[in-house]
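The values are calculated or read from the model by the stated rules, or taken from the named source; none is laboratory data. Predicted model, so just to flag it, every value in this text is computed and none were measured. Reconstructed Cβ throughout: ideal geometry from the backbone, glycine too, with neighbour counts over all protein chains shown.
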Amino acid sequence: MISRAPVVATLLACALAGCYREKREFESPPETPARDAARLSAVLPGGSAPLKPGAQPTPDRSRLDENAFAVNQGKRLYRWYNCSGCHSNGGGGMGVPLMDAEWRYGHEPRAIYASIVEGRPNGMPAFGGRIPDEQVWQIVAYVRSLSGQVQKDVAPSRSDTISGAPPENTRPEAKPAPGKAASSGR
Amino acid sequence: MSAEADQVTATRRSGAVAGAPTVAGGVLDVRELPSFGFSHRSVMWWGTAGLMAIESTVFALAIVVYFYLRTHSELWPMRSPPPELLWGTLNTVVMIVSLWPNQLAKRAAMKLDKSGVQLWLSVCTVLGFLILMLRGLELTALNVRWDTDAYGSIVWMIMLLHTTHLVTDTWDTTVLDVLFFTGPLEGKRYVDVNENAIYWNFVVLSWLPTYAVIYFGPRG
Amino acid sequence: MGAELRRRAFALVAAAVAAASAGAAFAQGRTPVVPGAHDALAVAGPQAAQIGELWNLTVFICTAVFCAILLGVVFALWRSGRARDDEPADLSSIGRHERGPYLSVLWSVGVSIVLLLVLVVASVVTDRALARMSLENAVNIDVTGHQWWWELRYGGDKPSDSFTTANELHIPVGRPVILKLRADDVIHSFWVPSLAGKKDLIPGRTATLHFRADQAGRYRGQCAEFCGFQHAFMAFEVIAEPPDRYDAWVAAQRQPAAEPTDAGARRGQEVFLGSACIMCHAIEGTTAGARKAPDLTHLASRTTIAAGTLPNRSAELARWIANPQEFKPGTNMPATALPADDMRALVAYLESLK
Amino acid sequence: MTVSGTASPPRLNSVPPSAEDAAALERTWRDPPGLLGWLAAINHKEIGKRFIVTAFGFFVAGGLLAAAMRLQLAQPDNRLIGPDLYNQIFTMHGTTMMFLFAVPVMQAMSIYLVPLMIGSRSVAFPRMNAYGYWIYLFGGLMLFVAFALNIGPDAGWFSYVPLAGPDYSPGKRVDFWAQMITFTELSALIEAVILITGVLKLRAPGMTLNRIPLFVWGMLVTAFMVMFAMPAVMLASTALITDRLVATHFYNPAEGGDAILWQHLFWFFGHPEVYLIFIPGLGFMSAIIPTFARRPIFGYSAMVLSLIATAFLAFGLWVHHMFATNLPELGKSFFTAVSMMIAIPSAVQIFCWLATLWTGKLVFKTPLLFTFAFFFVLVLGGMTGIILASVPLDLQVHDTYFVVAHLHYVLIGGAVFPLFGAFYYWFPKITGRMLSERLGRWNFWLFLIGFNVTFFPMHMLGLQGMPRRVYTYGAEMGWSNLNALASLGALTIAISMLLFVINVWRSLRHGAVAGPNPWNAGTLEWSTPSPPPACNFEAIPVVGGRDPLWEPGGVRGHVAGLAVDSRELLMTTVLDAEPETRESFPEPTIWPFVGAVATTVFFIGSIFTPWAIVWGSVPVAIALTAWFWPKRRENTAHLALERAP
């Protein structure tokens, strides 16, 4: 007879978590038509006029990193859009590593979103307008999983490819710290 | 004691049932029958046999999978050196040695010889834990991780499969051993010791092919 | 008339975009495509035909046996007597050899064995025949299964001769075709009932399938192995045409995409290259070179879009681009919301890719 | 050690037993009262009843899922159920029917019936039996809770990799599926060992191997098949879950794994599974037909031999599920031959039944009707099976609705119709009351008609190219009418099932009282009251024939000298069932239940973290040890009865 309420509450919480973790959300068309395509930057370093976040109000979908399907879609797009070309499986290469604790522009979903949409100096192209918001958020969720910032039961497991870095769902959480400009020469 | 033992062995030889009663006047009186029996006379024996049949199938299939995967890759082991022989071989030797006290425990049980069972069961228990320790060292010497490639995966699966058997039967032996010191005892417990010994034989015998596959599959 | 059509198309585009922007979950139903022949018993090639013959034999024998057994049951019911609920069992059979039943069982089993052997032999013979189809001067095509569409790569003497298309397999009538089957993600299965049996496309493996179409026509195929959300709409068309027309088609497909002529199309090309399309699609002769989705170099030459799901008309094209999830929930193509005029231009450009 | 004789406890002396002996036996073998007692129950009839009811519950659940599918497919381009939910529904339907209904319900029936048919007081390992039930129940509940939480598996009931692998099935859906396999297979393996041991050691004296009822033979063969088939799928699903959880590479072609390996392992289990659903069905047939033909079965030995032959052949044809995967020609021919030859033993049995009916005098009761459905439905399914066994034909109809039709004709015709016959046949024994014949006939005819209206059109749909597992189809494909018809048939089946439930419901209250042997059947279970007492037989009969209740001298006498105030059982020799020992059996205990709970925590935990295998095994070990540890009171009782060999 010891208060059953907390137990029930916990179970319910787990249940709902389970529900959302497994939800397969298929992209619905965005509310607002995207900006004029012609004015968009080409996929080039420091390309012209990336959209300003906020100028195009996009709904914050950072909660997607609690959704296994979205994170997995992010993983697929990370491969499809050749993010791995520079960042490899998170270990980095031409691009900065994404599996360590170092986040020059912040590790929060919105910051990563901005990095993808606006691009960053030293080679990160702006994908604004080329990758639909929904997909950007999926990639954001996946990128966070690369440094173990996503729950283990949500992060993807190994993929059907040559095993490079350890699978995302086995990575230790890297305590994110604002990167020092000093160590930017990577 | 010994007289009964003789009787046991005698009946086992002749295959007949000790003083099998017959129907007289529509009544078959069974009160004089023994209340437990060894080997195929006891349900435990059949239970253990079933268990061993199932697990033999699992081992067989696991080994089939091993060679299936081997035929599918031109390099074997795929990208890692074969496991080191030292601990595995040592463990195999210890396991084979452990068959002897195991056999003595079995024989003592058939003789319903309590002190004998206590002695040899304790020896088996100690050996069981020793073997588990060696198994721990073996796992450190496999030279491959389960997530390296398919070779590592199947090697680890087979090893853990057998380790599970070691753990369960060692635990089983320990519990029986304790019971023989604390009681309460009854005739059936000797049958349990007997079955436990048979099962240990199985655990050791199932290891021999496994050992060959794990350690010489990548070398052959 | 053409103008009229275009006007109606634009109206529809506007409607679609409006609906999409309003985030309308409900769909205005799918416009059906006109499917090619799609029936294992309506055969149009030697492979399917041989299977058809075996089918007739097997069905004949099986039906005969089936009827015989049913007759046996009915007879048993009819001739054996009825008993009262409390009637004592008839034990006369114990220890007695029941000759009649014994012989009839023996005979029935014997006959079944013989018939089974006939079927085994017939089956094996047919299997050999299927394997032995003559392959001289065959057309080689690489087929890759993707979730949820088919990539088709035609080889050539020179590397430059090879080209890629999707979801519409053109083959010459009367010439054998050899397909090299691969899968990009999960297991799919290539099946054109009217032409040949199916064959699985399995990741990490390569399978080959060969068949021949003896009659010109369109034959529908569909993925037969469950492959995820859109397994139901992973269809394709096999278009068997006379050799000359086939050669003409090949020649056309080898060309890069036509440069847009009118202003609308040119604008559409800009939209294409500046929006999400370019991330996955390829159009030979432009900077679009991604190969994650169907090659659109000659999109306008195809009769369907979205793996045989929609007819290739500007109206459907626009609705598809605006909201693919409406037609194929779970498909990997994202919704691309464009201003009405951009969408109009984009569709015009795609329609110009003959 | 050998304290036999001292203070000799009360034994069953007089045959037939005196009233107080009977009362004592009832006290001894009854399950304890109260909720704890309910959880501690180990009597095979109680566990068997729960098992049957649970399995039937899953049957209904699976049926509702099927109804949802038929609703979705009733019209083209239907948007009622989206692909995500539909994939979960058909996966749940297949999984439920195969793993949670078909195999378990057969074992459930045998848990209840076999001890009664072989003249025993209990199954071989009553506590294990209870544990097996709880494991099965928890595994099934886990799957449905997961489904309710949108974690329902969605990769099909045979979960082909890589679709079911880590890369293409994110989240935990498939892990729950794989773990459900672990639960049900564990339960099935336990029950198999229990059944084999029971049939070989606990038979009434005089019931030699060639006097065992054919149903018991069927279950014995099935149990042996389980022992050798189930390990394959356990190994496969373990590899799947480790692939998904700890990144092993069994099925990853890029790292030396192989997608076809899964198919080999799965079908090496999967095809025998069809037969371990089908063989008990044959057993039901062989139990019902002689009773209502009022004569012993024709060709007993031929029947037994063909059961065994079927079991062996069943392991030699798994590859006919994989003809489309590009295998070497010769191999395929071999599997074609075997797949067709397995029809022969089935044919032998069918002809023997025909001979029995032919030469018998028939009593038309509902159970017999259901056996006639077998002749129509199963035989048709067998014919389409021969089509599927032929490589070229299979390449056309494989993975289409033709296969869906075939497997339902085989499984429902070969197992479910006989099973319902068995329900009507043994319901009086289990409950003491008869089911209504009138409702029974309605139940039968609606089921038969509805079944054929549902599944026969699917043959045509398959030939017209409709693949299985599509969540909808285009109106342009011309599949609409046949699909609508099939959905109509499904409705009819649903109604007939409703009638059955009503029939059971009413008969439990006001069905006619059955008495020990309402059908004047010949086997032992009908010699004891309905429902049977806790000890099954107050005095264990000594058997002298195959149909003891029919043959003169079928019951040569009764066993005396077994304890009445302690759970004592007679062991007999394997071949000739000569009295051998009297073993003391364990009493009810809560530990199997606790152990099952611990095991459940262990299994579900290991879906989320491999460490659960470490910390989860501790409570399991504790529970099992406590379960094994002898209780003083029981021990003294046993010592009082003890007599060393």
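Things worth noting here:
- Only a single criterion out of (1) under 30 Å from D:Leu485 (Cα atoms); (2) buried (at least 23 other Cβ atoms within 10 Å of the Cβ) is not satisfied by D:Tyr136, namely (1).
- Strands (runs of 3 or more DSSP E) fully within segment C:53-167 counting 2 or more residues that are closer than 30 Å to D:Leu393 by Cβ and touching a residue at least 12 places away in the same chain (Cβ under 8 Å): C:139-146, C:149-154
- Selection of segment B:122-138 for residues being of a type outside the set (S, T, N, Q) and either within 14 Å of chain D (Cβ to nearest Cβ) or over 19 Å from B:Phe216 (Cα atoms) (or both) yields B:Val123, B:Cys124, B:Val126, B:Leu127, B:Gly128, B:Phe129, B:Leu130, B:Ile131, B:Leu132, B:Met133, B:Gly136.
- Odd one out for C:Ala44, checked against (1) at pLDDT below 90; (2) buried (at least 19 other Cβ atoms within 10 Å of the Cβ); (3) out of contact with any helix residue (DSSP H, G or I) (no Cβ under 8 Å at 6 or more places or on another chain); (4) not basic (Lys, Arg): (1)
Okay, residues lined up against (1) of a type in the set (Ser, Thr, Tyr); (2) in contact with a Lys or Arg (Cβ under 6 Å, 6 or more places away or on another chain); (3) under 30 Å from D:Leu639 (Cβ atoms):
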residue: B:Trp171; (1), (2), (3): no, no, yes
residue: B:Val178; (1), (2), (3): no, no, yes
residue: B:Thr182; (1), (2), (3): yes, no, yes
residue: B:Val191; (1), (2), (3): no, no, yes
residue: B:Pro209; (1), (2), (3): no, no, no
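- Every test in (1) assigned to a loop (DSSP other than H, G, I, E, B); (2) touching a Pro at 6+ places or on another chain (Cβ under 6 Å); (3) among the charged types (D, E, K, R) is passed by C:Asp214 save one, and that test is (2).
- Lone qualifier among C:Thr261, C:Thr287 - being within 14 Å of chain A (Cβ to nearest Cβ), more than 27 Å from the chain's Cα centre (by Cα) and β-branched (Val, Ile, Thr): C:Thr287
- Once segment D:356-376 is narrowed to residues that are in a loop (DSSP other than H, G, I, E, B) and at the interface with another protein chain (Cβ under 7 Å from one of its Cβ atoms), the residue that is nearest to C:Val120 (Cα to Cα) is D:Gly360.
- Restricting the search to helices (runs of 4 or more DSSP H) fully inside segment D:540-637 and requiring at least 3 residues that are surrounded by 21 or more Cβ atoms within 10 Å (Cβ to Cβ) gives D:591-608.
- Scanning segment D:28-39 turns up no residue that is surrounded by 16 or more Cβ atoms within 10 Å (Cβ to Cβ), in contact with a Ser or Thr (Cβ under 6 Å, 6 or more places away or on another chain) and outside any loop (DSSP other than H, G, I, E, B).
- Filtering segment A:125-154 to residues that are within 14 Å of chain D (Cβ to nearest Cβ), more than 11 Å from the chain's Cα centre (by Cα) and crowded, with 24+ Cβ neighbours inside 10 Å leaves only A:Val154.
- Residues that are under 19 Å from D:Ala640 (Cβ atoms), polar (S, T, N, Q) and either out of contact with any strand residue (DSSP E or B) (no Cβ under 9 Å at 6 or more places or on another chain) or modelled with pLDDT under 75 (or both), drawn from segment D:1-33: D:Thr2, D:Ser4, D:Thr6, D:Ser8, D:Asn13
- Test for D:Leu80: is it more than 11 Å from every other protein chain (Cβ to nearest Cβ), without any contact (Cβ under 8 Å) to a residue 24 or more places away in the chain and not in a helix (DSSP H, G or I): yes
- Residue in segment A:155-168 that is modelled with the highest pLDDT, counting only those that are under 16 Å from the mean Cα position of the chain (by Cα) and more than 8 Å from chain D (Cβ to nearest Cβ): A:Ala155
- Test result for C:Gly285, touching a residue at least 24 places away in the same chain (Cβ under 8 Å) and surrounded by fewer than 18 Cβ atoms within 10 Å (Cβ to Cβ): yes
- Note on segment D:377-396: residues that are within 7 Å of chain C (Cβ to nearest Cβ) and in a helix (DSSP H, G or I) amount to 10.
- Residue satisfying all of: in segment B:102-121; away from chain D (no Cβ under 14 Å) and touching a Phe, Trp or Tyr at 6+ places or on another chain (Cβ under 8 Å); surrounded by the fewest Cβ atoms within 10 Å (Cβ to Cβ) among these: B:Leu104
- Scan of segment D:446-478 for residues that are crowded, with 23+ Cβ neighbours inside 10 Å, more than 7 Å from chain C (Cβ to nearest Cβ) and not aromatic (Phe, Trp, Tyr), ordered by number: D:Thr454, D:Met458, D:Leu461, D:Gly462, D:Met466
Residues checked against (1) away from chain D (no Cβ under 14 Å); (2) among the basic types (Lys, Arg):
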{"site": "A:Asn72", "(1), (2)": "no, no"}
{"site": "A:Asn82", "(1), (2)": "yes, no"}
{"site": "A:Gly90", "(1), (2)": "yes, no"}
{"site": "A:Met99", "(1), (2)": "yes, no"}
{"site": "A:Arg110", "(1), (2)": "yes, yes"}
{"site": "A:Val117", "(1), (2)": "yes, no"}
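- Checking D:Pro205, D:Pro231, D:Pro153, D:Pro170 one by one, the residue that is facing another protein chain (nearest Cβ under 10 Å), in a loop (DSSP other than H, G, I, E, B), out of contact with any strand residue (DSSP E or B) (no Cβ under 8 Å at 6 or more places or on another chain) and surrounded by 24 or more Cβ atoms within 10 Å (Cβ to Cβ) is D:Pro170 and no other.
- Picking from residues in segment A:125-138 that are at pLDDT 90 or above and touching a Lys or Arg at 6+ places or on another chain (Cβ under 9 Å), the one that is farthest from B:Ala150 (Cα to Cα) is A:Ala126.
- Figure legend. Inter-residue proximity from segment B:26-53: first residues more than 7 Å from chain D (Cβ to nearest Cβ) and farther than 16 Å from B:Ala109 by Cβ, second residues part of a loop (DSSP other than H, G, I, E, B) and among the basic types (Lys, Arg), beta-carbon distance below 8 Å, spacing 6+ or different chains. Indicated pairs: B:Glu32/D:Arg643.
- Filtered by the rule that a residue be under 23 Å from the mean Cα position of the chain (by Cα) and of a type in the set (D, E, K, R), segment D:6-52 gives D:Lys45, D:Glu46, D:Lys49, D:Arg50.
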